[in-house]
Amino acid sequence: MKESDILNSYAYARERYAALGVDTDKAIAILEQTPISLHCWQTDDVIGFESAAGLSGGIQTTGNYPGRARNIDEVRADVLFAKSLIAGNHRLNLHEIYGDFGGKFVDRDQVDVRYFESWIQWAKENGMKLDFNSTSFGHPKSGDLSLANPDPAIRAFWIEHTKRCRRIADAMGKAQGDPCIMNIWVHDGSKDLTVERYRYRELLAAALDEILAEKLPDMKSCVEAKLFGIGLESYTVGSMDFFEGYCASRKVIYTLDTGHYEPTENVSDKVASLLLFVPELMLHVSRPVRWDSDHVTIMNDPTLDLFKEIVRAGALHRAHIGLDYFDASINRIGAYVIGSRATQKCLLSALLEPLAKLREYEDAGKGFQRLALLEEAKTLPFGAVFDYFNLKNGVPVGEAFIPEIERYENEVTAKRC
Ligand code: RNT
Ligand code: ZN
């Protein structure tokens, strides 16, 4: 692709959008300033560095593509390489099991910021800010119930873990001069019928209240709702209804994972309701295929609609954008880059919507005109704006990132076995 062609196409696109009242330069500037929290767990199939115990807690990776990152250096190298192919400045989302444990077993109720000092340092050196997650899966005490476990000892273990994670997140936030967003997702649920739906939810609410009571100024907590986990199909303690009520009443950030709803539900329509009652949203952008399969995010209608709803609500500043998928069946770094760039495409598309004009039509009751413009907006020269955005930010334009990933595969990941 010739640079002059990209520039010429952009010049045309800019005019075309301007005629509809859309400022493409402004949209690009917003996109450049909107970080995506890159999920470290795409590099290594959510395994981490704590132990060799497999994944549990109702989530699963499928595929066995060679080249998985096997240690902290490989995760870091892969993240930096992926980031070099994505325009803008991004954050890194760590899970507790990715601590720098130096080969020592550190149990979840013993973890503290010591094990994340090297991450804080590394993030600083590489101009990335960190986000964080407590980890309640993949542990002998995970079982079916963690924070909602009626056994006080097990419940206390996970409460202690989550409290410690919040302190780690606070230390990260302090070091980076920007709040670290810490997500709490627990898999708690039941494979079969339960007669204790109320009791477990009561326990979860009380555990979360205890955890969130500690005031920590440099972090923000968010809690993630889910439909069901594998092996926990009959009941999920932290369902959508539970967390809607919890977040609205406690003023806590709601984590909306796009894979966590009924397959026929319109996830984007939740945005305009949640934003009225919860302070902020954390997004886990994912692609469910028939279930919460965590396929690589692509530019599809549900994801486009999600970002449109955020932009239409004027709420980009209240949304933290993170990715959450784990595909082990294709080149993992390729998957990382596809999903990140797709997320940016969806956001850019939302930022380029001729909203003022659409609103004018709507207010005037001009239904035909509104529908016509919504339809025409789909074929505006969006690609020219996205290409220019990538060119401007010094990352490969269009499919030019494919050979870059192939080169890294040949030189680096294919040699890991
Ligand atoms: C699981 C949740 C959760 C995890 C990560 C690894 O269904 O989506 O966010 O995917 O914490
Ligand atoms: Zn998630």
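Laboratory data are not the source of any read-out in this text; all were calculated from the coordinates shown. Model, not experiment: these values are computed from the prediction. Counting neighbours? That spans all protein chains shown, and the Cβs are built from the backbone with ideal geometry, glycine included.
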| task | Identify, by number, the condition in (1) out of contact with any strand residue (DSSP E or B) (no Cβ under 9 Å at 6 or more places or on another chain); (2) closer than 21 Å to residue 256 by Cβ that residue 288 doesn't meet. | result | (1)
| task | Considering only the stretch 143-194, state which residues are over 18 Å from residue 211 (Cα atoms) and β-branched (Val, Ile, Thr). | result | 194
| request: Would you be able to say whether some residue in the stretch 217-236 is surrounded by 19 or more Cβ atoms within 10 Å (Cβ to Cβ), away from ligand 1 (no atom under 13 Å from the Cβ) and either closer than 19 Å to residue 146 by Cα or without any contact (Cβ under 8 Å) to a residue 12 or more places away in the chain (or both)? | output: yes
| field | Criterion violated by residue 9 - all others in (1) of a type outside the set (D, E, K, R); (2) over 25 Å from residue 405 (Cα atoms); (3) not in a helix (DSSP H, G or I) satisfied | value | (3)
| Filter result (of a type in the set (Ser, Thr, Tyr) and assigned to a helix (DSSP H, G or I)) within the stretch 146-171 | 162
| field | Residues being within 16 Å of ligand 1 (Cβ to nearest atom) and in a loop (DSSP other than H, G, I, E, B) - total across the stretch 174-190 | value | 4
| note | For residue 110, the lone unmet condition from (1) surrounded by fewer than 14 Cβ atoms within 10 Å (Cβ to Cβ); (2) under 23 Å from the mean Cα position of the chain (by Cα) is (2)
| Selected residue (only one of 347, 276 is assigned to a helix (DSSP H, G or I) and surrounded by 19 or more Cβ atoms within 10 Å (Cβ to Cβ)) | 347
| request: Considering each residue of the stretch 56-100, count those that are under 21 Å from residue 186 (Cα atoms) and among the aromatic types (Phe, Trp, Tyr), and give that number. | output: 1
| query | Which residue, of 47, 86, 28, is buried (at least 20 other Cβ atoms within 10 Å of the Cβ) and either more than 24 Å from residue 352 (Cα to Cα) or within 16 Å of ligand 1 (Cβ to nearest atom) (or both)? | reply | 47
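To keep it simple, each residue is scored yes or no on (1) away from ligand 2 (no atom under 13 Å from the Cβ); (2) surrounded by 24 or more Cβ atoms within 10 Å (Cβ to Cβ); (3) touching a residue at least 12 places away in the same chain (Cβ under 8 Å).
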| site | (1), (2), (3) |
| --- | --- |
| 239 | yes, no, yes |
| 243 | no, yes, yes |
| 246 | yes, no, yes |
| 250 | yes, no, yes |
| 255 | no, yes, yes |
| 270 | yes, no, yes |
| 287 | no, no, yes |
| 300 | yes, no, yes |
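Restricting to the stretch 237-263, what's the tally of residues that are closer than 19 Å to residue 296 by Cα and away from ligand 1 (no atom under 13 Å from the Cβ)?
Summing the residues that are closer than 19 Å to residue 296 by Cα and away from ligand 1 (no atom under 13 Å from the Cβ) in the stretch 237-263 gives 2.
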| remark: Matching residues in the stretch 358-396 (among the aromatic types (Phe, Trp, Tyr) and under 28 Å from residue 89 (Cβ atoms)) number 4
| Quick one: would you say residue 191 is among the basic types (Lys, Arg), out of contact with any Lys or Arg (no Cβ under 6 Å at 6 or more places or on another chain) and either within 16 Å of ligand 2 (Cβ to nearest atom) or closer than 29 Å to residue 37 by Cα (or both)? | no
| Is the stretch 41-55 home to any residue that is under 21 Å from the mean Cα position of the chain (by Cα), in a helix (DSSP H, G or I) and either within 24 Å of residue 130 (Cα to Cα) or not aromatic (Phe, Trp, Tyr) (or both)? | yes
| field | Checking residue 295 against (1) farther than 25 Å from residue 344 by Cβ; (2) under 16 Å from the mean Cα position of the chain (by Cα), the condition it does not meet | value | (1)
